[in-house]
Each structure stands twice: as C-alpha cells, then as structure tokens.
1. Hey, what's the chain come to in accessible area per residue, 1.4 Å probe, Å²?
2. Do any GluC sites (Glu not before Pro) in the stretch 87-171 lie in a DSSP loop with no more than 16 other beta carbon atoms within 10 Å, and if so, which?
3. Which value, in nm² and rounded to one decimal, describes the direction-averaged projected area of the C-alpha convex hull of the stretch 1-77?
4. Below 8 Å, C-alpha to C-alpha, sequence gap of six or more: please give me the relative contact order for the chain in percent.
5. Quick one: with all protein chains in place, what share of the accessible area of the stretch 1-134 is carbon or sulfur, to the nearest percent (1.4 Å probe)?
6. Taking N as the number of residues in the chain, what is its alpha-carbon radius of gyration divided by 2.2 N^0.38 Å?
7. Sort 53-64, 19-30 by packing, meaning the average of other beta carbons within 10 Å per residue, with the highest value first.
8. Measure out, as a whole number of angstrom, how far apart the alpha-carbon centroids of the stretch 101-171 and the stretch 11-36 sit.
Amino acid sequence: IAKEALLLIYSIRCYHREPIYVICDNETEDYIKSRMVCCNVFFECSATKDNLQKIAKENKQAFSKLDITVHRLDCIYQKMRAIEYALENESNTLFLDSDIILVGKITETFHKKLVMSPHYWGAHKEYGIYNAGYLFCADKEFVPYWRDLYLNKSAFCEQEATNYFTEKYDI
C-alpha cells in the first residue's frame, strides 16, 4: 500500500497543490518521504500495529458480524480517521483510497456536504452502491455517522454502509 500511496500523492501533486493528509504507519511515512518532496503533505502515523490491534479489540463484536475474510477491518476503520484528520484542519476534503491515481485535474465544484461516486465494480446493493474510496465531504459530523453505520448496520465493510448515506445526506 505504501507504493500505491506514493503514486497517489505524486498524481495529486501533478495537478493540485492543496494539502494532503495521510494516515499510515511510520514505515510508510519514511518510504514516501525518502522518494519525494512532501510539501504540504501531513502524516499521522496512527496505523501502527499496536493501534490497529487496539481498534480490532475494541470493535471485536462488530467486526465479527461482518462477512469479510479479504479485508482488514481495523485498516478500513482508519479510512474514516483519514477523513476526520483532514476535516480537523480543513473545511472539506476529497478522500481517495491509495489505489487511485489522478490522470487529470479535478475541476468539478462540489455544492453538497457529501458527494459520492457510483460503485461500478460489483455495484450491487450488498457491496454498496457508492464507491467508498472516492468521496467529497464537507461535514465534520459525517465520520461518526459513517463509523456507526460501518460498525452497527453494514454487512460488507464500509462499502455497503454507503447505501444508507441518503438517509441523512442529499448526495
């Protein structure tokens, strides 16, 4: 994932100068910083082994209800921390999973508190109709809402929880 994150950051910097907020571990931060100049890139190293174990332990019951064997649920939980971290410092954020690469400048202007992208791969209700790896957020209350859905209402990670976003947001 460190290599993916490096490519994502590089692709963002090809077109944009806005601040980038990254949640990772110390090794990933060192890897990225050793390969590029990280101007206006902020790292929070809260995806450490100890912290991920703590997240897994604190959410053991909720995680056991999810029918997942491929994804690390503790790491997915940190995805929401990335949005929260950005919103602690900015009025809005465009969250991108590390496996996304920009191939052009994003020129859209978003006029909603939450903007989602359709989930084209396996876009079935049980997997989530929106792509949880590409979303714009301008609401500090969004992260606790999504976390609650992920832990208490979702059957397929954070992705399936996106089905419920329209109950609270005009997307």
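1. Working: 9950 Å² over 171 residues.
Here the per-residue accessible area is 58 Å².
2. Numbers: sites: 88, 90, 108, 126, 141, 158, 160, 167; in loops: 88, 90, 108, 141.
Answer by residue number: 88, 90, 108, 141.
3. Numbers: hull surface 23.4 nm².
Across all orientations, the stretch 1-77 yields a mean hull projection of 5.9 nm².
4. Details: 227 pairs, mean separation 39.7, N = 171.
23 percent.
5. Working: 4390 of 8420 Å².
Ligands and nucleic acids excluded, carbon and sulfur reach 52 percent.
6. On the way: Rg = 15.8 Å, N = 171, 2.2 N^0.38 = 15.5 Å.
Normalised Rg, Cα atoms only: 1.02.
7. Working: 53-64: 13.5, 19-30: 17.8.
Most protected by this proxy first, the peptides run 19-30, 53-64.
8. 23
The values are calculated or read from the model by the stated rules, or taken from the named source; none is laboratory data. Treat the numbers as computed from the prediction; the structure is a model and nothing was measured. In this analysis, Cβ positions are derived from the backbone assuming ideal geometry, glycine residues included, and neighbour counts consider all displayed protein chains. Remember, those area values only see protein heavy atoms, side chains included, never the ligands or the DNA or RNA. Shrake-Rupley method; radii C 1.70, N 1.55, O 1.52, S 1.80 Å.
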